[in-house]
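The values are calculated or read from the model by the stated rules, or taken from the named source; none is laboratory data. This one's a predicted model, so the numbers in the text were calculated from it and none came from an experiment. With ideal geometry, Cβ positions are generated from the backbone for all residues, glycine too; neighbour counts draw on all protein chains shown. Accessible surface is based on the protein model in full, side chains and every heavy atom, while ligands, DNA and RNA are left aside. Shrake-Rupley method; radii C 1.70, N 1.55, O 1.52, S 1.80 Å.
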Amino acid sequence: QLQSKILILTICSAGIGGTFQYSYNISIINAPTSYIQMFMNETWLERTGVPLESNMILLLWSFTVSAYPLGGLTGAVVAGPMAIMLGRKMSLLLNNVFVIIAAVLSGFSRMAKSFEMIMLSRFFTGVNAGVSMNIQPMYLAESAPKKLRGVVTLTSASFTALGLVLGQIVGLRELLGGEESWPFLLASNVVPALIQLTALPWFPESPRYLLIDRGDEESCISALQKLRGNSDLSAELEEMLAEQAAVKGQRAKNPWELFQTPALRWQLMSIIVLSSAMQLCGNDSMYFYAAYVFQEAGIPQDKIPYVVIGTGSCELITSVTCNMIIDYAGRRPLLLGGYIFMAGWAIVFMVALSQQTQISWMPYLSMACIFAYILSFGIGPAGVTGVLPTEVFDQMSRPAAYMICGSLLWFNLFLVGTAFPFIVKSLAHFCYVPFLVVCICTALYVGFFLPETKGKSFLEISEEFKKRNFKAQTHAVFYKGPEEIKSTML
């Protein structure tokens, strides 16, 4: 009982300063948008005596918003070397320094009359999120027992959803979303950082990292005993020693080495497809549309922020549900079902948007589509995507794989954020066509090419992919045609 409590507390300590921060910081910037823009204008007026033009305010605001994914990309790139050199736990602890710097900058920005401090603070916040999005799932998956690996790693998605909802709640006018309190809202991300700094040092480092990377069997057994208690550790230790023997003499790989290794071809293809799809499937853009659709449905303007909290709560409910069923249902069915449902709801949503003004009940259908789309995303893609890189790569390739995943996630977040307003402008009601295509292609890829990893050891998963990688090579000698067709499909 004590050991299961230690595992739960390890999950909570890693999550609160980890993926929780990623979505919390995306969420809290929405409420004070107009106040920060006014602050930029007033500051400029004080400095130069001339007010800013509206397009200049918009440009400065877009710099502020895009500083976050830029920081995230930087964080994703440094996360790999950090995880290898400092270890998983120490990296998560040191990562809080970035948030503390960011909180000081944004908290004092109004006092210092500097909007540049807000931009810089968003960059540092992004770095923190970029590091934690990569290292937290790695740390949890390496600390979890095999039969609970999916559940434990998936808590990263639950903390992401929790951060989103709490960010929406704290950003309400009655709390910290008012004109006077927005610097405190932006600096409130220091609270989860301080909680993690206080709690996480009490829990063990990843046993796999201690044994395979550090070669420290004694510390590994000690960490396992803390996490598992008096249960028999011999089978788990034997499996780790087998993995250690399999990678003996190897050093941790760089991202570009993964691209050059034929034995990792399908693993790499899978995480590239799934990490890209996670941002390109249009889930975040649903939040962009939410306020407009709710307004059309007749919800009063001042009540809309409360309804938007409902959309975030949807994601939280489904990620917790997904947590309960992932080790029963498996990874493939959840991913496949999620993307198929999203494709279906995207079609209904576009039809509903196009008929919004003609048919009186259409805004309610649009509203239902927003909730259904977010539920479909939460039940599979939101969580399972983060679990896979841990399962399909060995210890030496895992940090580099997460660097690639993280870089794609942040680049695509930036890409969608930049391109979506233009997509809406040019495609109007049919703006979800690109997202529909992404959902269908990803569902096809998962259906045809992704093996199930549920309940298998890391070595068994590696063996399954090895067969696939080298089968593709031997077939390539004889069947040039189908190999080409296959590659154009992807």
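Suppose the chain between MET56 and VAL437 were pulled fully straight at 0.36 nm per residue; how much longer would it get relative to their current alpha carbon spacing?
Answer, rounded to one decimal: 133.7 nm.
Over region 1-203, calculate the relative contact order: mean separation of alpha carbon pairs under 8 Å at least 6 apart, over the residue count, as a percent.
About 40 percent, as a whole number.
Which ³J(HN,Hα) values in Hz, rounded to whole numbers, follow from the phi angles of region 76-84 under the Karplus curve 6.51 cos²θ - 1.76 cosθ + 1.60, where θ = phi - 60° and Gly and Pro get x?
4, 6, 7, 4, x, x, 4, 4, 6
Quick one: plug the Kirkwood hydrodynamic radius of region 180-268 (C-alpha pairs) into Stokes-Einstein at 4 °C, 1.567 mPa s, and report D in µm²/s. Intermediate values should be presented prior to the final figure.
Values: Rh = 16.7 Å.
Estimated via Stokes-Einstein, D reaches 78 µm²/s.
How long is the gain from GLN301 to TRP361 if the chain were fully straight, where each residue apart is worth 0.36 nm and the alpha carbon distance is subtracted?
19.7 nm
Obtain the nm distance between the two label points defined at ALA246 and GLU218 by a simple spin-label model: each point lies 7 Å from its Cα along the Cα-to-C-beta direction.
Between ALA246 and GLU218, the simple spin-label model gives 2.9 nm.
If you average the C-alpha positions of region 254-271 and of region 442-462 separately, how far apart do those two centres end up, in angstrom?
One Cα centre to the other: 15 Å.
Going by amide H atoms built from the backbone, whose H comes under 5 Å of the H on GLY380, apart from near neighbours?
none
Determine ³J(HN,Hα), in whole Hz, for all residues of region 407-412 in sequence, where each value follows from phi through the Karplus function 6.51 cos²θ - 1.76 cosθ + 1.60 and θ = phi - 60°; x replaces Gly and Pro.
Once θ is set to phi - 60°, the couplings for region 407-412 become 4, 5, 4, 6, 5, 6 Hz.
Using a Förster radius of 56 Å, what is the FRET efficiency between LEU444 and GLU46 based on their Cβ-Cβ separation? Nearest 0.05, please.
With a Förster radius of 56 Å, E is 0.50.
Of LYS147/LYS226; LYS113/LYS303; LYS89/LYS466; LYS5/LYS248; LYS5/LYS147; LYS226/LYS466, which sit over 26 Å apart, Cα to Cα?
Beyond 26 Å: LYS113/LYS303; LYS89/LYS466; LYS5/LYS248; LYS226/LYS466.
Would you mind working out the accessible area per residue for the chain, using a 1.4 Å probe, and quoting it in Å²?
Ligands and nucleic acids excluded, the figure is 43 Å² per residue.
If all Cα-Cα distances of the chain are sorted into 20 Å bins from 0 onward, what percent lands in each bin, rounded to whole numbers?
Spelled out bin by bin, the chain gives 23, 55, 21, 1 percent.
Percent relative contact order of the chain, based on C-alpha pairs within less than 8 angstrom and at least six residues apart? Walk me through the numbers before you get to the answer.
Details: 721 pairs, mean separation 108.2, N = 490.
Relative contact order of the chain: 22 percent.
From the convex hull of the Cα coordinates of region 119-204, what is the mean projected area in square nanometres?
Its average projected convex-hull area is 6.7 nm².
Putting +1 on Lys and Arg Cβ atoms and -1 on Asp and Glu Cβ atoms, find which of GLY167, TRP61, PRO389 reaches farthest to the positive end of the dipole of the chain.
The listed residue farthest towards the positive side: PRO389.
Based on the alpha carbon coordinates of region 256-470, what radius of gyration and maximum Cα-Cα distance (Dmax) apply, in Å?
18.7, 60
For the Cα atoms of the chain, what angle does the longest principal axis make with the long axis of helix 480-489, in degrees from 0 to 90, nearest 10?
For helix 480-489, the angle is close to 30 degrees.
If I stretch the segment between ASP232 and THR418 completely, what's the gain in nm (0.36 nm per residue apart, minus their alpha carbon distance), one decimal?
Stretched fully, the ASP232-THR418 segment lengthens by 61.7 nm.
Let me have the 222 nm mean residue ellipticity of the chain computed from DSSP H runs of 4+ only, each contributing -39500 (n - 2.57), with the sum over all residues rounded to the nearest 500.
Estimated from H runs of four or more residues: -26000 deg cm²/dmol.
Provide the per-residue ³J(HN,Hα) series for region 31-40, in order, calculated from phi with Karplus coefficients 6.51, -1.76, 1.60 and θ = phi - 60°, each as a whole number of Hz, with x at glycine and proline positions.
Couplings: 4, x, 3, 5, 5, 5, 5, 5, 4, 4 Hz.
What's the center-to-center distance, using Cα atoms, between region 1-52 and region 53-113 in Å?
10
At 1.4 Å probe size, with the rest of the protein present, what percent of the exposed accessible area of the chain is carbon and sulfur atoms?
Its accessible area is 69 percent carbon and sulfur atoms.
Could you point to the residue in SER109, THR33, GLN244 farthest towards the positive end of the chain's charge dipole, with +1 and -1 charges on the Cβ of Lys/Arg and Asp/Glu respectively?
So the residue we want is GLN244.
May I ask you to derive the FRET efficiency for ALA368 and LYS454 from their Cβ-Cβ distance with R0 = 22 Å, giving the value to the nearest 0.05?
0.10
Which FRET efficiency value, to the nearest 0.05, is calculated for ALA263 and LYS5 with the Förster distance at 51 angstrom and r the Cβ-Cβ distance?
0.80
Simple spin-label model, 7 Å along Cα-to-Cβ: ILE347 to LYS466 in nm?
4.3
Does anyone have the angle between helix 283-296 and the longest principal axis of the chain? Alpha-carbon axes, 0 to 90°, nearest 10?
Once rounded, the angle reads 30 degrees.
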